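Down below is the structure, laid out as structure tokens.
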Amino acid sequence: MTAFSLEPAQLAWCAELRALAAERLRPLAEKGEPGRVNRPLVAELGRLGLLRRLFASGALDLCLMRESLARACTEAETALALQGLGAHPVHAHGTAAQRARWLPGVTDGTAVAAFALSEPGAGSDAAALELTAHPDGPPHADGTAHPDTTAHSDATAHSDTTAHPDTIAHPDGTGRWRLTGEKCWISNAPEADFYTVFARTTPGAGARGVTAFLVPADRPGLTGRGLDMLAPHPIGALDFDGVPVTSDDVLGEVDRGFRVAMGTLNLFRPSVGAFAVGMAQAALDATLAHTARRGAFGGTLRDLQAVSHQVAEMALRTEAARLMVYAAATACDEGAPDVPARSAMAKLLATETAQYVVDTAVQLHGARALRRGHLLEHLYREVRAPRVYEGASEVQRGIIAKELYARQEAR
């Protein structure tokens, strides 16, 4: 079934992605350890050129990748998406030195990225962040940072200790901070090679006092631990005990990091919807096959009107979600003014739809779908989290309502 009038080349590419996921990525995913970063899988995504494409194409292209991979291998889809989420702020806001240091490794699959926004007390309310960046003393008279407090690893150190000219120092002139606090529910933690970390640089300023930092995993004072979650992909918590950062590590501008976070989420929210659509389509495909061959009451399940109508409803909702995801992604690519609302609508509809479709598929399959290792058992565990992360469904409704009222008041 075609949707949103995709071009033949796009449809062919989606089919190729599904084949690659089944033939080359699924075997690597099956060898991975649940809850751990699967580096061979990430490296294969790099060899296939899919990670490079994350930064060379638009939102619709990203959605097509995520949907296609999700239909055949959710682990591959998630590994690709997490690379994009963690590294997009570097691509979009990093200095030339930051991009040169980290993006080649991200795109070839040798450097694992992570997006560190959520905290134990600040998940949906991202403006309430408590991880604090404390100013860390004055620079030398010539403007350079003290070499004993820059704490760059050998791999990230510049040839000298001067700040990069594109970076902006803290308003007090130091350009050096210590990060103290905790991050939680961070995908790829604690195994990532670097983190995009959002910290409070101005107390009491809400969203206007947050700065984005690029923090390599080997910085002193940074530790982490994995969390045992329902979904099998890696998620952990990070502890920051006076982790040193400098103006060289700032992504974008000081106290303007919330824009970095929201810009990244607005791009990736429709693609979370695409991930959900891919899972819904996989569940629908499995249900069509099962109900067509499963004998029941002298015929097959498909002959029962109650069953066929449920399958029709699954298809209807999946297609509606797909169209909204593609529309939101297209609006993002065109720079439309209503991207926040469209992105929120796409994520909300698609993730809620996928939950319904997968749950209905389990019901129509019966007990076999609950057996460990069954596709639907896997999808049932996977499908729940997207309704929570990158803004819970309730947050998406709040964004939509806020945008609607703002639009009305502007008339």
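The values are calculated or read from the model by the stated rules, or taken from the named source; none is laboratory data. A quick note: this is a predicted structure, and the numbers were derived from the prediction, not measured. Because the Cβ atoms are built from the backbone with ideal geometry, glycine has one as well, and the counts that use them run over all protein chains shown.
Please find, within the range 299-320, the residue that is nearest to Ala283 (Cα to Cα) out of those that are out of contact with any Ser or Thr (no Cβ under 7 Å at 6 or more places or on another chain) and in contact (Cβ under 8 Å) with a residue 24 or more places away in the chain.
The selected residue is Ala315.
Out of the residues in the range 363-385 that are without any contact (Cβ under 8 Å) to a residue 60 or more places away in the chain and assigned to a helix (DSSP H, G or I), state the one that is surrounded by the most Cβ atoms within 10 Å (Cβ to Cβ).
Initially, the range 363-385 is screened for residues without any contact (Cβ under 8 Å) to a residue 60 or more places away in the chain, giving 363, 366-374, 377, 380.
When the remaining residues are screened for being assigned to a helix (DSSP H, G or I), the result is 363, 366-370, 377, 380.
On the way: Gln363: 13, Gly366: 11, Ala367: 8, Arg368: 12, Ala369: 22, Leu370: 12, Glu377: 16, Tyr380: 20.
Top of the filtered list is Ala369.
Quick one: which strands (runs of 3 or more DSSP E) lie wholly within the range 118-211 and hold at least 1 residues that are among the charged types (D, E, K, R), closer than 17 Å to Val250 by Cα and at pLDDT 80 or above?
On the way: elements: 132-135, 176-187, 194-200.
Filter on the range 118-211 gives 176-187, 194-200.
Name the single residue that is surrounded by the most Cβ atoms within 10 Å (Cβ to Cβ) among those in the range 386-411 being closer than 26 Å to Ser187 by Cα and of a type in the set (S, T, N, Q).
Once the filter is applied, the top-ranked residue is Gln396.
Among the numbered criteria (1) assigned to a loop (DSSP other than H, G, I, E, B); (2) buried (at least 16 other Cβ atoms within 10 Å of the Cβ); (3) not small (Gly, Ala, Ser), which single criterion is violated by Arg36?
(2) is the only condition that Arg36 fails.
Just checking, which of Leu64, Leu60 is out of contact with any Leu (no Cβ under 8 Å at 6 or more places or on another chain), in contact (Cβ under 8 Å) with a residue 60 or more places away in the chain, assigned to a helix (DSSP H, G or I) and not assigned by TED's automatic domain parsing to the domain that holds Arg322? Quick ask: steps written out before the conclusion?
On the way: Leu64 fails: out of contact with any Leu (no Cβ under 8 Å at 6 or more places or on another chain).
Just one listed residue meets the conditions, Leu60.
Considering only the range 58-84, state which residues are closer than 16 Å to Trp13 by Cβ and hydroxyl-bearing (Ser, Thr, Tyr).
If we filter the range 58-84 for residues that are closer than 16 Å to Trp13 by Cβ, which is where we start, we get 58-72, 76-77, 80.
Within the range 58-84, Ser68 is the sole residue that qualifies.
Of these, Ala344, Ala331, Ala321, which one is part of a helix (DSSP H, G or I), modelled with pLDDT of 90 or more and touching a Leu at 6+ places or on another chain (Cβ under 8 Å)? So that I can check it myself, show each step before the final result.
Numbers: Ala344 fails: touching a Leu at 6+ places or on another chain (Cβ under 8 Å); Ala331 fails: touching a Leu at 6+ places or on another chain (Cβ under 8 Å).
Answer to the check: Ala321.
For the range 246-265, which positions are basic (Lys, Arg) and under 20 Å from the mean Cα position of the chain (by Cα)? First the steps, then the outcome.
Here is the first cut: in the range 246-265, the residues basic (Lys, Arg) are 256, 259.
Listed by number, the list holds a single entry, Arg259.
When the range 275-312 is examined, which residues are found to be surrounded by 12 or more Cβ atoms within 10 Å (Cβ to Cβ) and outside any helix (DSSP H, G or I)? Lay out the reasoning, then the answer.
In the first step, residues of the range 275-312 are kept if they are surrounded by 12 or more Cβ atoms within 10 Å (Cβ to Cβ); the result is 275-288, 290-292, 294, 296, 300-304, 307-308, 310-311.
Once the filter is applied, which keeps residues that are surrounded by 12 or more Cβ atoms within 10 Å (Cβ to Cβ) and outside any helix (DSSP H, G or I), the range 275-312 yields Arg294, Ala296, Thr300, Leu304.
Quick check on this structure: which one of Ala350, Ala401 is over 16 Å from the mean Cα position of the chain (by Cα) and assigned by TED's automatic domain parsing to the domain that holds Leu301?
Numbers: Ala350 fails: over 16 Å from the mean Cα position of the chain (by Cα).
From the options Ala350, Ala401, the qualifying one is Ala401.
Of these, Leu288, Leu323, Leu364, which one is more than 17 Å from the chain's Cα centre (by Cα) and under 30 Å from Met262 (Cβ atoms)? Step through it out loud before you land on a result.
Values: Leu288 fails: under 30 Å from Met262 (Cβ atoms); Leu364 fails: under 30 Å from Met262 (Cβ atoms).
So the residue among Leu288, Leu323, Leu364 that is more than 17 Å from the chain's Cα centre (by Cα) and under 30 Å from Met262 (Cβ atoms) is Leu323.
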